[in-house]
Amino acid sequence: MEENIKEILFDLVSRKQFRQLKEKLCDMNEFDIASFMEELDSEKQIIVFRMLPKELASDVFACLEVDTQGHIINGITDKELAYIIEELYVDDAVDMLEELPATVVKRVLQNAAPSTRLQINEFLKYPENSAGSIMTAEYIGLKKSMTVEEAFAYIRKHGYDKETIYTCYVMDAKRMLEGVVTVKDLLMSDYEVKMEDIMDTNVIKAVTTDDKEEIADLFNKYDLLSLPVVDHENRLVGIVTIDDAVDVMEEEATEDFEKMAAMHPSEKPYLKTGVFELAKNRIVWLLVLMISSMLTGGILTRYEDAFKVMPLLVSFVPMLTDTGGNAGSQSSTMIIRGMTIGEIASSDILKVIWKEARVSVIVGIILGAVNFIRLVAQYPGQPLVALTVVLALFATVFVAKVIGGMLPIAAKKLHLDPAIMAAPLITTIVDAVSLVIYFQIAVELLHIK
């Protein structure tokens, strides 16, 4: 929403010009209205919400943050609440109820129609993060004995409140999923043709207990707009639509980013999370990494005598550890991304190691050559020092890239999230390894005791 439009809306609210405000809001998209409402104080949120036409109000409600939804539920009448619940898609209602306090959930269910309440309760039984928890019951289900003409009549009658009508699902008398048919198939067929003659029986589907990450992968792999969800007896119970799959992808990407940054994942937006909770989410990994970094200090202490003999060696430590950490982070980031989108499987670990080893040789030679020229020019008469640094740099890059490529896959094999093997942890491991390599080479080449 443009800033000047938002300023006009705020001005109308402050001057209590609610009639003009209503006219402006009715011409806006429900997402923009929700965004505007989120910036109002709690009292004005309810005033603005109650002035919206009923149909627009239910669409806006679905776009609001859960905290705002709960506040509005507490501020409207039972009649208004009942209308909103009936207008919401079941999956949106379920998402909301999973986050709201028990007292608010109780009031919502009390004001829902018996059929809606039954559907919501059915969905709430499915495990968290399963296909059943994100599916919706608003789909077009056709019988295989229907003709194209009968199918069109059914869609016209029942399609208004469905999430999608482009893909229809064909079932037998016992609701067993037998095929899918698109509106394009119907339009291109004669009215007398039956569903069983034009439906596609090769159905891509999910089971209610499948993990929602797997559902998102199916959408990504097959470019789906919707996906049927069946129970363990192949009865159709709902569908997952592309908007829900995108939400899952965004949620998982955010979680991975937080883990890669060494933080405990949080479902709350940053600005709505308290400082103590943010600190709690970060402190555990910071403690782990701080304690593990003590290993680096122990290595430096072990080679203290080498520093005394040749203090110049210490000046190259930051360059080696930083380069090693960056090299390992590059590899781990690429591998984590590849595993997330399905390009790399756990069985590809040897291919990954072989590829990263070859990449590290090329990168290591180039970095080593550049450093050798710089060191020879900067420290004339000390070619062995330059050679020591270059060999240590090459070995560090090689080890870092191999470790960075291998650890995320190893984590997956151990049923851990590969994202935890990201930059901070890789850097800590590589720092220790690179220091050992560096000082061992220095001891051997420079004959330091």
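The values are calculated or read from the model by the stated rules, or taken from the named source; none is laboratory data. It should be emphasised that the depicted structure is a prediction, and the values quoted were computed from it without experimental measurement. Cβ: placed from backbone, ideal geometry, glycine included. Neighbour counts: every protein chain shown. To get the accessible areas, we keep the full protein, side chains included, count just its heavy atoms, and leave off ligands, DNA and RNA. Shrake-Rupley method; radii C 1.70, N 1.55, O 1.52, S 1.80 Å.
Observations
- In this structure residue 235 has an accessible area near 90 Å², from a 1.4 Å probe over the protein heavy atoms.
- Under 19 Å from residue 401, Cα to Cα: aspartates and glutamates that are on another chain or at least 8 residues apart: 322, 343, 348, 356, 431
- For segment 141-253: Kirkwood Rh in Å [reciprocal of mean 1/r, alpha carbons]: 14.7
- Between the amide H of residue 224 and any residue lying 5 or more places away or on another chain, no distance stays under 5 Å, with hydrogens modeled in the peptide plane.
- Pairs of Cα atoms farther than 18 Å apart, segment 3-124, %: 50
- Evaluated at q = 0.13, 0.18, 0.20 Å⁻¹: base-10 log I(q)/I(0), Debye formula over Cα of segment 338-449: -0.59, -0.91, -1.03
- Of 290, 176, the order by accessible heavy-atom surface (1.4 Å probe, DNA, RNA and ligands excluded), from most exposed downward, is 290, 176.
- Solvent exposure, largest accessible area first (probe 1.4 Å, DNA, RNA and ligands not counted), of 178, 128: 128, 178
- For the chain, the per residue solvent-accessible surface stands at 55 Å², with DNA, RNA and ligands left out and a 1.4 Å probe.
- Here residue 103 and residue 278 are evaluated by their C-beta separation; at R0 = 30 Å the FRET efficiency comes out at 0.65.
- Percent accessible area from carbon and sulfur atoms, segment 3-124, protein chains only, probe 1.4 Å: 48
- Long-range HN-HN contacts of residue 238 with modeled amide H, under 5 Å: 229
- Rh by Kirkwood over Cα pairs, then Stokes-Einstein D for the chain at 0.890 mPa s and 25 °C, µm²/s: 91
- Accessible surface of segment 272-446 [probe 1.4 Å, protein heavy atoms]: carbon and sulfur percent: 73
- Pairs of Lys residues in segment 3-124 that lie 8 or more places apart, or on two chains, and have C-alpha atoms under 17 angstrom apart add up to 12.
- With contacts taken as Cα pairs under 8 Å at a separation of at least 6 residues, the chain carries a relative contact order of 11 percent.
- Proximal lysines to residue 221, defined as alpha-carbon separation beneath 16 angstrom and excluding residues fewer than eight positions away on the same chain: 205, 212
- Of the trypsin sites (Lys or Arg not before Pro) in segment 131-174, those whose Cβ has at most 15 other Cβ within 10 Å and which sit in DSSP loop: 174
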